[in-house]
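Structure, as structure tokens:
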Amino acid sequence: MPKIQEIARGVLAGDRRSIARAITTIEDNTAEAQELIASIFPRTGNAHVIGLTGPPGSGKSTLIDKIIREYRQRGKTVGVIAVDPTSPFTGGAFLGDRIRMQELSTDQGVFIRSMATRSYLGGIAKATKNAAKVLDAAGKDIVIVETVGAGQSEVEIIKVAQTTVVIFAPGLGDEIQAIKAGIMEIADIFVVNKADRANANKAVMDIQAMLQLNNKEKMWKPPVLKTTALTGEGVPQLIEKIGEHRLFLEKRLERKRSGEKAEAELVEAIKEKVASSIIEELKREGKLEEFLQKILEKKMDPASIAEKLLNKKFGKQV
Amino acid sequence: MQNRKKIRVLIAKPGLDSHDRGAKIIARALRDAGMEVIYTGLKQTPEQIVETALQEDVDVIGLSILSGAHKTLFPIIIDLLKQKGLTDVLVVAGGIIPEEDIPGMKKLGIKEIFGPGTRTDKIVQFVFENVPKRT
């Protein structure tokens, strides 16, 4: 495997092998992953990152195939990260999203990567965010992240995507489902796919009725669109709406939202750094076992130990 | 904080036969052995298979073919892999490949051929033992 700086240079030059290697490095979370992110970070921020989420079988992968085609017709390059679940029992995964997009695999303007969650919760993988940065730094105009088939509370995608599209299919639930918390709250755009089916309009109405219950005046009102992924019907309209949302973000909200996102990323990075430095220190001092034993014997709870360790490390101020 | 490295496998169906029951059984067995398995779907060209292997950065490619076109398609695939610099990928094959063709296929660079009736645990073990070490 070439040196990490070589991979980083390859990514910035758009070299496909380097992009693939970079994503593997991030997935395996090797020591070099951070160096890699650091070297490509200055070149990120140009791509529009779109998240697609929705229940299993709603047609996410097939719709993405059509979305990519539409963007390619408009001269845009596209990167895709398609996430599927890792088995909690064996650690293995069957990654089948790209089957629906396989005709595009030889298009040099398209890069598709399948990713297993590796037991990360929330509908994406731990590596998804940084893998999206790799595709961004490699010059892709559009980066699409397909989540695992999401039920109700897999909402991590909003930490990665600028525009989140939530896809439903007719017949998956009534208006009560539409009122529930969770993924219904994260959509910038709603799509009712399989719109050629009989009760598609009912699904659209249920979602619209739910949206009307919002009593807060919002600057962006999520539109509800209909698509038929098999034929591509409704896809150009979806692309238009995604574009409108991007403009909206740029004009009014981007600074604030990016600020929040930057803060969230910083918090996450601090958490990881602090945790690993304390754990490493305990290991070096041979004290880790002692604390673990205390937890197992119910003599101390983890939060109290954490507080004690933080106080020791940073003084009483924490 | 390091994850254990995962073995990534591409199960690919070159050629025009539409029988992927075997391919799916192998995919399932490798999945259950803890690997990340990507399946291409049916009727893939050599270009599609190699490009997918590259994008997915796989350690192993399993080719499943029952149409009899292996003598035409496998050399193209191996050639493309070399062209794209994917020389450290373990390539194995299965399906209907006549006995007399096997030496030629192996000479080409296909590490092992698994015919009908091969036990899945044998294939899993072979992959574990022969997968190139990632550094």
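Odds and ends about this structure:
- Only helices (runs of 4 or more DSSP H) whose full extent lies in segment B:64-135 are considered here, and the ones with at least 2 residues that are open to solvent by less than 20 Å² (accessible area, probe 1.4 Å) are B:70-83, B:120-130.
- When each of A:Gly57, A:Gly51, A:Gly14 is tested for being farther than 17 Å from A:Val160 by Cβ, in the same structural domain as A:Lys140 (by TED's automatic domain parsing) and outside any helix (DSSP H, G or I), the lone residue that passes is A:Gly57.
- Residue satisfying all of: in segment B:87-102; modelled with pLDDT of 95 or more and more than 18 Å from B:Leu66 (Cα to Cα); farthest from the chain's Cα centre (by Cα) among these: B:Val89
- Members of segment A:206-234 that are open to solvent by 100 Å² or more (accessible area, probe 1.4 Å) and either part of a loop (DSSP other than H, G, I, E, B) or at pLDDT below 90 (or both): A:Gln212, A:Leu213, A:Asn215, A:Lys216, A:Glu217, A:Lys218, A:Met219, A:Lys221, A:Leu230
- Cβ-Cβ under 7 Å pairs, at least 6 apart or on other chains, segment B:77-91 side farther than 16 Å from B:Ile7 by Cα and without any contact (Cβ under 8 Å) to a residue 40 or more places away in the chain, far side part of a helix (DSSP H, G or I) and of a type in the set (Asp, Glu): B:Leu80/B:Glu47
- Here is the figure for segment A:78-91: residues that are closer than 16 Å to A:Pro56 by Cα and open to solvent by less than 10 Å² (accessible area, probe 1.4 Å) total 2.
- Residue in segment A:28-42 that is under 20 Å from the mean Cα position of the chain (by Cα), of a type in the set (D, E, K, R), within 11 Å of chain B (Cβ to nearest Cβ) and open to solvent by less than 10 Å² (accessible area, probe 1.4 Å) present: yes
- Residues in segment A:17-27 that are under 12 Å from A:Ala137 (Cβ atoms) and either surrounded by fewer than 23 Cβ atoms within 10 Å (Cβ to Cβ) or assigned by TED's automatic domain parsing to the domain that holds A:Met115 (or both): A:Ser18 only.
- Of all residues in segment B:98-111, those satisfying the criterion of being on the phi < 0 side of the Ramachandran plot and touching a Leu at 6+ places or on another chain (Cβ under 9 Å) are B:Ile110, B:Lys111.
- Among residues of segment A:65-76 that are without any contact (Cβ under 8 Å) to a residue 60 or more places away in the chain, those with a beta-carbon under 8 Å from a residue that is among the small types (Gly, Ala, Ser) at least six positions away or on a different chain give the pairs A:Arg72/A:Gly109.
- Search result, residues across segment A:114-143 that are away from chain B (no Cβ under 11 Å) and at positive phi: A:Gly122, A:Gly123, A:Gly139
- Single residue of A:Phe94, A:Phe111 found to be facing chain B (nearest Cβ under 7 Å), open to solvent by 40 Å² or more (accessible area, probe 1.4 Å) and part of a strand (DSSP E or B): A:Phe94
- Residue in segment A:70-81 that is more than 14 Å from chain B (Cβ to nearest Cβ), in contact with an Asp or Glu (Cβ under 9 Å, 6 or more places away or on another chain), within 24 Å of B:Ala27 (Cβ to Cβ) and not aliphatic (A, V, I, L, M) present: no
Residues checked against (1) more than 25 Å from A:Thr106 (Cβ to Cβ); (2) modelled with pLDDT of 95 or more; (3) not small (Gly, Ala, Ser):
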{"position": "A:Lys3", "(1), (2), (3)": "yes, no, yes"}
{"position": "A:Ala8", "(1), (2), (3)": "yes, yes, no"}
{"position": "A:Ala13", "(1), (2), (3)": "no, yes, no"}
{"position": "A:Ile19", "(1), (2), (3)": "no, yes, yes"}
{"position": "A:Ala22", "(1), (2), (3)": "no, yes, no"}
{"position": "A:Asp28", "(1), (2), (3)": "yes, no, yes"}
{"position": "A:Glu32", "(1), (2), (3)": "yes, no, yes"}
{"position": "A:Phe41", "(1), (2), (3)": "yes, no, yes"}
{"position": "A:Gly45", "(1), (2), (3)": "yes, no, no"}
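- B:Gly62 vs. criteria more than 20 Å from A:Arg21 (Cβ to Cβ) and within 7 Å of chain A (Cβ to nearest Cβ): no
- Considering residues of segment B:30-60 that are under 17 Å from A:Gly91 (Cα atoms) and assigned to a helix (DSSP H, G or I) only, the residue least open to solvent (accessible area, probe 1.4 Å): B:Leu30
- Among the residues of segment A:128-154, those that are part of a loop (DSSP other than H, G, I, E, B) and either open to solvent by 10 Å² or more (accessible area, probe 1.4 Å) or not hydrophobic (A, V, I, L, M, F, W, C) (or both) comprise A:Ala138, A:Gly139, A:Lys140, A:Asp141, A:Gly151, A:Gln152, A:Ser153, A:Glu154.
- Any hit, segment A:2-13, residues being under 18 Å from A:Lys140 (Cα atoms) and touching a Pro at 6+ places or on another chain (Cβ under 9 Å): yes
- Sole residue being in the same structural domain as A:Lys66 (by TED's automatic domain parsing), hydrophobic (A, V, I, L, M, F, W, C), over 19 Å from A:Met184 (Cβ atoms) and in contact (Cβ under 8 Å) with a residue 24 or more places away in the chain, chosen from A:Leu238, A:Leu249, A:Leu225: A:Leu249
- Residues of segment A:277-302 that turn out to be of a type in the set (A, V, I, L, M, F, W, C) and over 28 Å from A:Ala31 (Cα atoms), as a count: 3
The values are calculated or read from the model by the stated rules, or taken from the named source; none is laboratory data. The structure displayed is predicted, hence computed values, not measured ones. Glycine gets a Cβ as well: all are built from the backbone with ideal geometry, and neighbour counts include every protein chain shown. Accessible surface is based on the protein model in full, side chains and every heavy atom, while ligands, DNA and RNA are left aside. Shrake-Rupley method; radii C 1.70, N 1.55, O 1.52, S 1.80 Å.
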